Each structure stands twice: as C-alpha cells, then as structure tokens.
Amino acid sequence: TDALQSGLAPIARNARLQTQLIDDLLDLSRMSAGRLRLDAQPVDLLLVVRDAVLAVTPAASARDVHLQQDSCSGVLLVNSDAERLQQVFWNLLVNAVKFTEPGGKVRVQIDHEAATARVRVSDTGKGIAADFLPHVFDRFRQADGSTTRRHSGLGIGLALVRQLVEMHGGTVSAESRGEGLGATFTVELPALR
C-alpha cells in the first residue's frame with residue numbers, strides 16, 4: 001500500500017493544480033465581464049499567507065524546494081476577501097516553486113510600514129529576462145514556450161494575481177536580475193493598523 005500511496009500523491013497534486021487552473025480561467029472571465037465581487041472584511045494577512053504556504057508545502061517538498069516564511073509578529077489586518085487574497089499568494093508560490101530547481105529556495109517575507117502591508121515572494125529559480133519583465137503580468141504571455149510546456153502553464157496566473165491585488169486597492173511588482181538569478185514578486189496592500 002506504500003507504493004499505491006506514493007503513486008496516488010502526484011495524481012492528487014496534479015488534479016488540484018488542474019482544478020486551480022480551471023478556477024483561474026473562470027475568474028479571469030468573470031473579471032472581464034465585471035462579475036467578480038470581493039467579500040472584503042478585516043482579515044489577518046499573516047494567516048492568509050500562512051494558509052497559502054501550507055497549501056503549497058507538499059508541492060515544494062515533492063520538488064525538493066525549501067520553502068521559508070518570515071513574518072512580522074502580531075496581527076496585520078487588511079481589508080480583503082481572504083479567499084481571493086489566498087489565491088493571490090497561492091499563485092505566486094506555485095510559480096516560485098515550479099520555476100525553482102530542486103535544492104533551491106523560496107522565501108516569503110511579510111512586513112509593514114505605516115499604512116502599507118508588504119509580502120515578498122522570492123525564489124532562487126529561473127529568473128525573468130529583462131525584456132520580458134514588463135510583460136510578466138500580461139494575460140496569456142509566457143517568456144519561453146518550451147519552459148512553460150515543461151512546467152505546464154497558460155500564462156494566466158500572474159494576470160489574475162495583478163487583477164485581484166488591484167481589486168484590493170494594492171499593487172504587485174516583479175523584479176529579477178536576469179535569467180538564472182531568481183525572481184521576487186512584491187504585493188503591497190493598504191493595512192488597517
């Protein structure tokens with residue numbers, strides 16, 4: 001039964017990823033039609049990010065990618081739809097893990113200053129070419145078709161991230177020193193404290 005369990009784990013993980021991909025496509029469609037609404041209320045950003053990290057941890061472990069979360073202490077309240085915000089961080093973390101080689105690292109840092117909450121997702125992975133960086137959040141855009149075919153993707157996750165973050169009154173940006181040098185995605189949201 002151990003062999004059966006180890007064989008079923010990747011199937012279950014891939015099924016979850018496909019379900020999320022379909023959900024993302026449906027969400028993009030709803031956004032385009034102006035039908036996606038947020039159920040915004042005060043939520044603890046630290047808990048939302050923690051839940052996203054926990055959801056991605058099995059995939060990171062399966063790829064031998066070290067996933068680390070550094071957070072400020074206490075409670076960091078933002079006015080948001082917790083489910084949609086978790087979707088933002090899930091997408092960022094899945095991408096970071098997907099494009100990081102085994103033995104690499106993904107780090108999540110959460111901090112705040114004044115009325116801004118900040119979450120950084122950094123990886124030691126593939127990085128982003130300078131000429132593609134301005135287009136990284138565009139729908140259906142992919143830097144390298146051979147890489148995305150190998151890793152599976154349609155180029156919608158980051159477009160969805162940007163739209164959801166903007167619906168929350170925030171911003172998202174991407175940085176990379178170039179190919180092979182990792183990437184950092186930074187989400188900034190209005191904080192309630």
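Structure notes:
- Residues that are farther than 13 Å from L93 by Cβ and assigned to a loop (DSSP other than H, G, I, E, B) were ranked within region 57-71; the one that is nearest to the chain's Cα centre (by Cα) is S71.
- Residues (surrounded by fewer than 23 Cβ atoms within 10 Å (Cβ to Cβ) and of a type outside the set (D, E, K, R)) located in region 79-90: N79, A82, Q86, Q87, W90
- Residues located in region 48-67, provided they are at negative phi, open to solvent by 70 Å² or more (accessible area, probe 1.4 Å) and in contact (Cβ under 8 Å) with a residue 24 or more places away in the chain: R63, H66
- Residues in region 147-162 that are in contact with a helix residue (DSSP H, G or I) (Cβ under 6 Å, 6 or more places away or on another chain) and modelled with pLDDT under 90: H151, I156, G157, L160.
- Unique match (being touching a strand residue (DSSP E or B) at 6+ places or on another chain (Cβ under 9 Å), modelled with pLDDT of 65 or more and part of a helix (DSSP H, G or I)) among L54, L46, L8, L38: L46
- Count of residues meeting criterion [surrounded by fewer than 15 Cβ atoms within 10 Å (Cβ to Cβ) and more than 17 Å from G104 (Cα to Cα)] in region 176-193: 2
- Every residue from region 91-135 that is of a type in the set (D, E), farther than 24 Å from V78 by Cα and either free of Cβ contacts under 8 Å to residues at least 24 places away in the same chain or open to solvent by 60 Å² or more (accessible area, probe 1.4 Å) (or both): E101, D131
The values are calculated or read from the model by the stated rules, or taken from the named source; none is laboratory data. Note that the structure is predicted; figures quoted are calculated from it, not measured. Neighbour counts are summed over all protein chains in view; Cβ atoms, including those assigned to glycine, are modelled from backbone coordinates with ideal geometry. The area values use the complete protein model at the heavy-atom level, side chains included, leaving out ligands, DNA and RNA. Shrake-Rupley method; radii C 1.70, N 1.55, O 1.52, S 1.80 Å.
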